[in-house]
Every structure is written in C-alpha cells, then in structure tokens.
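**Q** Before anything else, here's the structure in question.
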Amino acid sequence: MLNAIYILWLRQLKRYFRSKSRMIGSLGQPILFLVALGFGLGPIYERAGGGNYVQFIAPGIISMSIMFTAVFSGIEVIWDRQFGFLKETLVAPVPRYAIMLGRTFGGATVATIQGVIVALLAMVAGFRPQSLILLPVALGFMFLIALLFTAMGTAIASRMQDMQAFPLIMNFLVMPLFFLSGALFPLQGATKGIAIAATINPLSYGVDALRGALVNGTHYGFGTDLLVLTLGAAFFLGVGSWLFSKTEA
C-alpha cells in the first residue's frame, strides 16, 4: 500500500515539473493580485492606518495560490478517467483509499511548492517575513492548506464525468472561499455577516495561520487554526476516500 501511495505521489510531481506552461501559467493570477492590489490599494490602506498592504496581503495571496492549485488538481482524476489511466489504477491490487491518498499527497505537495514559489515572488515585490524561526511553521501550515483543498477537489472530481463542468463548479466554490477568508481585508471590525462567513470558511484559518507565522499577527490563534485545518483535512480525506472507493472508470 505504501508503495502505491509513493508511486502516485511521485507521478503527481513528475506531471507538475514536466509541464512548464502549467508552472508558469499558474503564477499569473497570484502575481496580478499581488501587484494590482498590493501596490494599487497600498497607499489607501497605509493612509487608513493599516501599514504596509503588501505585508498584509502576501500571506493571503500565498494561500490563494495553494488553494487554487490544490483544488484544480482534482481535474486530473477526470482526465485519467477519459484517457483510461484511471481504469488501470483502479484494477491494481491495492485499496482504493491508498490511490486516493497517493493522489492527494502528490497534489498537496505540488500545491505547497507552488505556494513557496509565490512566497519568493512576494519577497521580490517587497514582502518580508518577520520571523525566520517561524518559516518551518509557515511551511507546515501551507501543506495543511494544500492537503485540505486537494482532498476536497479530488473528492468532488471522483463523482464527476465532465471535464468542462469541473472548473465551473470549482470557480463557483473557490472564489467565495477566497474573498471571504480575510485574505484581502482584516477580519477585525468586519460586519457580522462577513465575520460569520469567515468563521465557517476553512481557508480563513489557513490565511490566519500563515499571516501569524509570516507577519506575527493572528485573528483566531495558532491553536484554533491548527485544529480547524487538521480536522478539515481529515474530514475531506475520509469523505474523499469513501467517494473514491465507489468510483467507476
């Protein structure tokens, strides 16, 4: 079983590094948000007393990049189904949950790498982590965010047949998650409706954890962030494994 998980994990990494266009193309949106919002709204944010907006927004953009890469890795399940690779995988003498875990850990690793690349680009744009000691903590939270949303994307994709419908459904899901996570604005002083939406949004805790690790400021606290992200990842891994066990090639 562990060998199957490792093989599928390695396959996800090979797919990522072989596709140069995918690597470069997936950086376009985070760079646009970082530059357009970070420098466009920066003076307004600073005059309002919020400080350096690039420092504030960078953890949110890193989280966004991880979430998008993680969730859309699920489309590979539909792709493999259409081209027959999924059938070959499903008939292998290994538990189906092992296939789900291998795909999920591979997709999460790819999304984490994507997040690290975006973090480096944010540093070029002027972002500066406040504590080098907490960088490993930030990396751990990045992987938890990636694991949660890769499992979510894979779980949804395992029940879908239409490759064109998957991006539409995912955009309908991930855009509200991003905009209501506090990635672009502080949750302190937010209206009651926004505060409630952020509280039930798993990405809010990922953004908060990264912001705490990188710029020393959390809204919910590290303990709450870790608990919610861990339970969320475990939940979607469980649901995804169950759904994947019923998948037909």
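The values are calculated or read from the model by the stated rules, or taken from the named source; none is laboratory data. The structure displayed is predicted, hence computed values, not measured ones. Using ideal geometry, Cβ is built from the backbone for each residue, glycine included, and neighbour counts are taken over all protein chains shown.
**Q** Take segment 210-223 and flag every residue that is part of a helix (DSSP H, G or I) and within 13 Å of Leu187 (Cβ to Cβ). Before you say what the answer is, go through the steps one by one.
**A** So in segment 210-223, the residues part of a helix (DSSP H, G or I) come out as 210-215, 222-223.
Of everything in segment 210-223, those that are part of a helix (DSSP H, G or I) and within 13 Å of Leu187 (Cβ to Cβ) turn out to be Arg211, Gly212.
**Q** Please go through segment 207-221 and give me each residue that is more than 18 Å from Thr112 (Cα to Cα) and without any contact (Cβ under 8 Å) to a residue 60 or more places away in the chain, ordered by number. Before the answer, list the steps.
**A** Just the residues of segment 207-221 that are more than 18 Å from Thr112 (Cα to Cα), to begin with: 215-221.
Correct list: Gly217, Thr218, His219, Tyr220, Gly221.
**Q** Could we say that Leu132 is of a type in the set (A, V, I, L, M) and within 13 Å of the chain's Cα centre (by Cα) here?
**A** Numbers: of a type in the set (A, V, I, L, M): yes; within 13 Å of the chain's Cα centre (by Cα): no.
Criteria not met by Leu132.
**Q** Any chance you could count how many residues in segment 112-170 are in a helix (DSSP H, G or I), touching a Leu at 6+ places or on another chain (Cβ under 7 Å) and farther than 22 Å from Ser181 by Cβ?
**A** 0
**Q** Follow-up. How many residues does segment 178-193 contain that are touching a residue at least 12 places away in the same chain (Cβ under 8 Å) and surrounded by 16 or more Cβ atoms within 10 Å (Cβ to Cβ)?
**A** Of the residues in segment 178-193, the ones touching a residue at least 12 places away in the same chain (Cβ under 8 Å) are 178, 180-184, 186-188.
Checking which are surrounded by 16 or more Cβ atoms within 10 Å (Cβ to Cβ) leaves us with 178, 180-184, 187.
So the answer is 7.
**Q** Only residues that are of a type outside the set (A, V, I, L, M, F, W, C) and in a loop (DSSP other than H, G, I, E, B): list them for segment 189-209, please. Break it down into steps so the answer makes sense when it comes.
**A** Filtering segment 189-209 for residues of a type outside the set (A, V, I, L, M, F, W, C) gives 189, 191-193, 199, 201-202, 204-206, 208.
Within segment 189-209, Gly189, Thr191, Asn201 meet the criteria.
**Q** Quick one: which residue in Phe141, Phe166 is at pLDDT 85 or above, buried (at least 20 other Cβ atoms within 10 Å of the Cβ) and either within 16 Å of the chain's Cα centre (by Cα) or among the aromatic types (Phe, Trp, Tyr) (or both)? Show your work before the answer.
**A** Numbers: Phe166 fails: at pLDDT 85 or above.
Step by step, each of Phe141, Phe166 is checked, and only Phe141 is at pLDDT 85 or above, buried (at least 20 other Cβ atoms within 10 Å of the Cβ) and either within 16 Å of the chain's Cα centre (by Cα) or among the aromatic types (Phe, Trp, Tyr) (or both).
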